[in-house]
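The structure appears right after this line, and notes come after that.
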Amino acid sequence: MIKNLLDMEHEVIAFDVHTRPLRLSLLLDPQKLKDIRFVRGDINNLGQIKKLLENGAVSHVIHLAGLQTPECREKPILGAAVDVVGTLTVFEAIKACKDRVKCLVYASSGAVLGTDEDYGTHPIGDEAPRIPGTLYGVFKVTNEECARIYWQDEGIRSVGLRPPVVYGVGRDRGLTAGTTLAIKAAMLGQTYEIGFRGVANMEYADDVANSFIACALKAPEGAPSYNMRGEVLEVDDMISVIEEIFPLSKGKIGCAKQRNIMANDVTDAGLQALIGPFHPLSYEEGAKRTADLFRTLLGEGRL
């Protein structure tokens, strides 16, 4: 996301609980990292975020802070504190600066929906019933409803995007990160098990980042939430693609018995109507780009 913003020559302030740019250092050289203003803080610190928005003359906010599905399952109170209360804190900070901040785009999730089998009509639209199967999904549904109320009561424009399984260099946390870590393991000649099997909606990280940025710049009225769609394919087919890229990895990459419980056959017509038509990268091409970047990082001693 930040790399894309810098490439577009936007001024960027990065607010995080950590200021060591571990993931960004995989995508940006040291000189480019100097173009980012890093601010360390807590997503629940309302005063700090308000001050940052005011003093930084912030015009758009992209909110990605959150704990993933496994962490929310293991520590539900902490998960709610970060994912729900943290998002409320961002809305409250923007409320104090709403004459300046044009739009908030936040990460909801495809986890707000049920499974494909839960729906009689396909592809599944943005307004389909939300029937999450995890606490993480429940927290994200709550955020979508909070966004609706902040538009209703305060006129704060926001967009909730529902990323599917996102893959690419830097995607290394959460259950679905296994689809990226498998590519890295194959390059290193290691064995690896992706944490789920079955069908998955796969979208390359660069495509996801560009969608978030485009929504922020569009700043539509209201508080819509949009599905996102990349390429829908079986995990076994992903493994075949990885084996084609790294033939020596054949037989070393597998997947767990549990199935992916997210809805995959979704339509992104609403998102494309807002930001314009686009064609998400195929998994084959995205996996090749991910592999190429991992090879470069390995050669430079930065992996």
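The values are calculated or read from the model by the stated rules, or taken from the named source; none is laboratory data. Keep in mind that what you see is a predicted model, and the values were worked out from it rather than measured. FYI the Cβ positions are ideal-geometry reconstructions off the backbone, even for glycines, and counts take in every protein chain you see.
Annotations for the structure displayed:
- Among (1) touching a Cys at 6+ places or on another chain (Cβ under 8 Å); (2) buried (at least 19 other Cβ atoms within 10 Å of the Cβ), the one test that Thr290 misses: (1)
- Count of residues meeting criterion [touching a residue at least 60 places away in the same chain (Cβ under 8 Å), of a type in the set (A, V, I, L, M, F, W, C) and out of contact with any helix residue (DSSP H, G or I) (no Cβ under 6 Å at 6 or more places or on another chain)] in the stretch 216-244: 4
- Per-region count, the stretch 139-165, residues among the aliphatic types (A, V, I, L, M), over 10 Å from Phe91 (Cα atoms) and part of a helix (DSSP H, G or I): 2
- Unique residue being at pLDDT 95 or above, surrounded by fewer than 20 Cβ atoms within 10 Å (Cβ to Cβ) and not acidic (Asp, Glu) when the list is Lys75, Lys98, Lys140: Lys75
- Note on the stretch 226-249: residues that are out of contact with any Cys (no Cβ under 8 Å at 6 or more places or on another chain) and either surrounded by fewer than 22 Cβ atoms within 10 Å (Cβ to Cβ) or assigned to a loop (DSSP other than H, G, I, E, B) (or both) amount to 16.
- Selection of the stretch 246-268 for residues being over 27 Å from Asn227 (Cα atoms) and either aliphatic (A, V, I, L, M) or touching a residue at least 60 places away in the same chain (Cβ under 8 Å) (or both) yields Phe246, Leu248, Ser249, Lys252, Ile253, Gly254.
- Yes/no for Ala223 being closer than 30 Å to Asp153 by Cα, part of a loop (DSSP other than H, G, I, E, B) and not basic (Lys, Arg): yes
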